[in-house]
Structures are given as C-alpha cells and as structure tokens.
Amino acid sequence: MSERKEIAIVGAGGFGKETLVMINQINAINPQWLVTGFYDDGIAAGSTVAGIPVLGNLDALKRIDQELAVVVAVGDPKVKRSVVELIQQPNLYFPTLIHPVATIGENIKAGAGCIVTAGCRLTIDITLGDFVLLNLNTTVGHDVQIGSFTSVMPGVHLSGYVQAGEEVLIGTGASVLQRVTIGNGSVVGAGAVVNKNVEPHRTVAGVPARSIRKHD
C-alpha cells in the first residue's frame with residue numbers, strides 16, 4: 001500500500017463538508033489521501049467541522065513550507081478564481097478529484113483542481129479547464145468544452161458540442177441544448193433550458209432561457 005498524500009480543503013462550508021465525504025469515499029476504494037484539515041477565512045482556527053480541524057485562514061496556506069495537495073471547495077466561480085490566485089505558492093498543488101461512482105468515458109481531458117462528484121456521467125471527447133466543478137448527477141455529452149473556474153451545479157445536462165466559457169455558473173437542474181455556447185462569466189438559472197447562445201456576462205433564466213440582466 002502506498003503512503004497517503006496529505007490534502008487540505010479550502011472552504012469549510014457545506015460544499016467543503018461534501019468534499020470531505022467525497023475524499024473519504026475515494027479512500028474507501030483506493031486509499032490515497034490524508035485530510036489534514038480545512039482552511040477558511042470565515043471560521044476560526046481551532047474549530048472543528050465534520051470532525052476535522054480548521055487549521056487557519058487562506059494566508060496560512062501561503063506559509064506552508066512542504067508539499068501539500070489542496071482542493072478548493074468553493075462553488076462561486078469568481079470567488080473560486082480569487083481564492084486560487086491568492087493562495088498560489090510553490091509548495092501547493094491542486095489534484096483533480098473524481099468520485100469512484102462517476103462514469104468517465106473516453107478522451108476526457110481535465111486541468112488542475114477539477115472536482116467531478118458522485119453520479120456524474122461524461123461520454124467522449126470532453127475538455128475541462130482548471131478548477132471546474134461538476135456537481136452531483138451532472139451529464140456531459142460528447143465534444144463539450146468547459147472553461148476554467150466554471151461550476152456546474154447538481155442535475156445539469158449538457159448536450160453535445162456545448163461550449164461553456166470561464167467563470168460560468170450553471171444552476172441546478174438546468175439543461176443546455178446541443179451546440180449552444182455560454183459566454184465567459186455568465187449565469188444560467190436553476191431549471192433553465194438554454195436553446196441559444198448566451199452572451200458573456202449575462203444571467204439567463206426560464207424555459208426557454210432568456211436574458212434577465214447583464215453584469216460584470
């Protein structure tokens with residue numbers, strides 16, 4: 001049995017706790033990670049969350065002087081990017097985590113720091129940028145491209161040839177139809193059905209999805 005690698009979780013909220021469960025479930029199949037604790041700016045060091053200690057804030061991670069894996073358990077794409085940029089330093093690395101009951105097809109490429117959770121199904125010729133989140137029971141069809149820092153919430157369905165830009169948030173239960181492009185920084189509301197391209201920095205909602213506001 002190989003020695004477990006130390007890993008820390010950034011974010012001790014609900015998604016952080018779910019990420020801890022995911023790591024435990026990965027270890028149940030293939031023991032490989034030792035969770036050292038959480039790092040969170042909003043919870044005092046020395047607290048305990050889900051039986052795991054909160055070791056400090058994000059600044060504390062910048063002072064780590066030995067190799068440490070880090071998973072960024074943050075759903076909001078803009079916040080996720082800012083966290084990653086803040087904590088960058090040579091001793092930290094960001095593995096991609098894939099739940100053992102996710103279905104991974106052929107020619108799936110993923111960057112650093114991705115999280116693919118339980119029940120996700122990816123088919124063929126799919127590219128994920130860095131720090132992409134695919135939350136529970138999401139399906140990703142053929143030839144889909146998802147940009148860095150994008151978060152796809154539970155129960156989303158992405159049809160073939162969909163292209164999602166960077167820092168996109170796709171809400172729970174949304175469906176994106178074939179060959180639709182979603183521009184950088186856009187938000188797709190929960191339950192929306194997106195049947196045409198979404199311009200960058202737009203929020204769309206409804207069935208079919210319509211633009212409801214423009215934002216930075």
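The values are calculated or read from the model by the stated rules, or taken from the named source; none is laboratory data. Everything quoted here is computed from the prediction, not taken from an experiment. Here Cβ is always computed from backbone atoms with ideal geometry, including for glycine, and neighbour counts include all displayed protein chains. Heads up: the accessible areas ignore ligands, DNA and RNA and are worked out on the full protein's heavy atoms, side chains in. Shrake-Rupley method; radii C 1.70, N 1.55, O 1.52, S 1.80 Å.
Just a few scattered comments:
- Pairing residues of segment 1-21 that are at negative phi with residues that are outside any helix (DSSP H, G or I) and open to solvent by 80 Å² or more (accessible area, probe 1.4 Å), at Cβ distances under 9 Å and at least 6 apart in sequence or on separate chains, gives Glu3/Leu34; Arg4/Leu34; Lys5/Leu34; Lys5/Glu67; Glu6/Leu34; Glu6/Gln66; Glu6/Glu67; Ile7/Leu34.
- Taking segment 165-208 as the range and being among the aliphatic types (A, V, I, L, M), closer than 15 Å to Leu128 by Cα and open to solvent by 10 Å² or more (accessible area, probe 1.4 Å) as the test, only Leu169 passes.
- Pro53 satisfies every condition listed in (1) touching a residue at least 24 places away in the same chain (Cβ under 8 Å); (2) in contact with a Gly (Cβ under 8 Å, 6 or more places away or on another chain) except (1).
- Helices (runs of 4 or more DSSP H) completely within segment 1-102 that count 2 or more residues being open to solvent by less than 70 Å² (accessible area, probe 1.4 Å), within 16 Å of Asp130 (Cβ to Cβ) and touching a Phe, Trp or Tyr at 6+ places or on another chain (Cβ under 7 Å): 77-87
- So Ile126, is it free of Cβ contacts under 8 Å to residues at least 24 places away in the same chain and over 24 Å from Lys17 (Cβ atoms): yes
- All told, Val83 falls short of being hydrophobic (A, V, I, L, M, F, W, C), within 21 Å of the chain's Cα centre (by Cα) and over 26 Å from Gly147 (Cβ atoms).
- The number of residues in segment 136-153 that are without any contact (Cβ under 8 Å) to a residue 24 or more places away in the chain, of a type in the set (S, T, N, Q) and either open to solvent by 10 Å² or more (accessible area, probe 1.4 Å) or outside any loop (DSSP other than H, G, I, E, B) (or both) comes to 3.
- Unmet criterion (only one of (1) assigned to a strand (DSSP E or B); (2) under 17 Å from the mean Cα position of the chain (by Cα)) for Asn107: (2)
- Residue list for segment 153-190, filter: among the small types (Gly, Ala, Ser), closer than 19 Å to Arg121 by Cα and in contact with a Gly (Cβ under 8 Å, 6 or more places away or on another chain): Gly155, Ser159, Gly160, Ala164, Gly171, Gly173, Ala174
- Yes/no for Gly119 being in a loop (DSSP other than H, G, I, E, B) and modelled with pLDDT of 95 or more: yes
- Filter result for Gly111 (in contact with a helix residue (DSSP H, G or I) (Cβ under 9 Å, 6 or more places away or on another chain), among the small types (Gly, Ala, Ser), in contact (Cβ under 8 Å) with a residue 24 or more places away in the chain and under 19 Å from Thr139 (Cα atoms)): no
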